[in-house]
Amino acid sequence: MRTEAGRLLYRRRRARPSTTHPLAPSRTRSIGHTGAMSHRLRDHLAAAALDAWAALLPTSCSGCGAADRALCADCRLALLPAVHPVTRDDARIWSGLTYEGVARHVIAAYKDNGRTDAAAALAAPLRAAIVAALAAAPSLPALHQVAPRPTGIELVTIPSSHRAWQVRGYHPVDALLHRVGLNPAPLLAQRGVVSDQVGLGRAERAANKDHSLIARHPLNGVAVILVDDIVTTGATLLEARRAVFAAGGTVVGLAALAETRRLLPG
Ligand SMILES: [Zn+2]
């Protein structure tokens, strides 16, 4: 399966393949294509603007605070992929990093302080987690049994709330995927306004996420790997999995940039 995983990733980095491979990008990506392209352009513009800003103004390493305009060498080393599986409920989630120390500082700065200079370093462990999820996905014959007309395995991220878009101006996970030539399929949408998760306890977070996502269209025969940034309780990925199942799709893997074993308050 490593070969299949590598082939999928390789294909996704190139132009559309001329032949139809079971794991090749599918026609479902054409849905919402305009929106995805505009998001991608917006991600690139935001990254370019912030990179330029970081190059012009003195700043510090977002991992350790050392005087530098970007990540220092030691912190880059600390962000090398360390892929491992974690379990939330009955789900196995492949994580590229542990959300602690340097990784925690850098990811938080990337998500909340516009430190997109760390995007390249963070994209590598996310990609490694996706490769691991692909490698652990069902073999093609088994996949045909659960998804009779598989048109490919889609990467699907969690859609941002309107508020998050307004605050950040880019989608943190989509921007990382774009860095390594991967295009997430915009198959999910926020059902409505979801309260901010900050300050909520474990039970409250789970309740808050209940049925918050919905598929944009029927997903019969569509196989999906769900991708998120930080796994804590897993409530977000589990809700996304529920939404895919509810639309008739199949989730064959879950991947995250980092996971945290910290106990949540409450
Ligand atoms: Zn550093």
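General remarks:
- Contacts under 7 angstrom Cβ, first residue in region 103-117 being within 15 Å of Leu176 (Cβ to Cβ) and without any contact (Cβ under 8 Å) to a residue 60 or more places away in the chain, partner among the hydroxyl-bearing types (Ser, Thr, Tyr) and not in a helix (DSSP H, G or I), 6 or more apart: Val106/Ser62; Ala109/Ser62
- In the set (1) out of contact with any Phe, Trp or Tyr (no Cβ under 9 Å at 6 or more places or on another chain); (2) surrounded by 14 or more Cβ atoms within 10 Å (Cβ to Cβ); (3) at pLDDT 70 or above, the condition left unmet by Asp43 is number (1).
The values are calculated or read from the model by the stated rules, or taken from the named source; none is laboratory data. Keep in mind it's a predicted model, so treat the numbers as computed, not measured. Please note: Cβ atoms are built from the backbone with ideal geometry, for glycine as well, and neighbour counts cover all protein chains shown.
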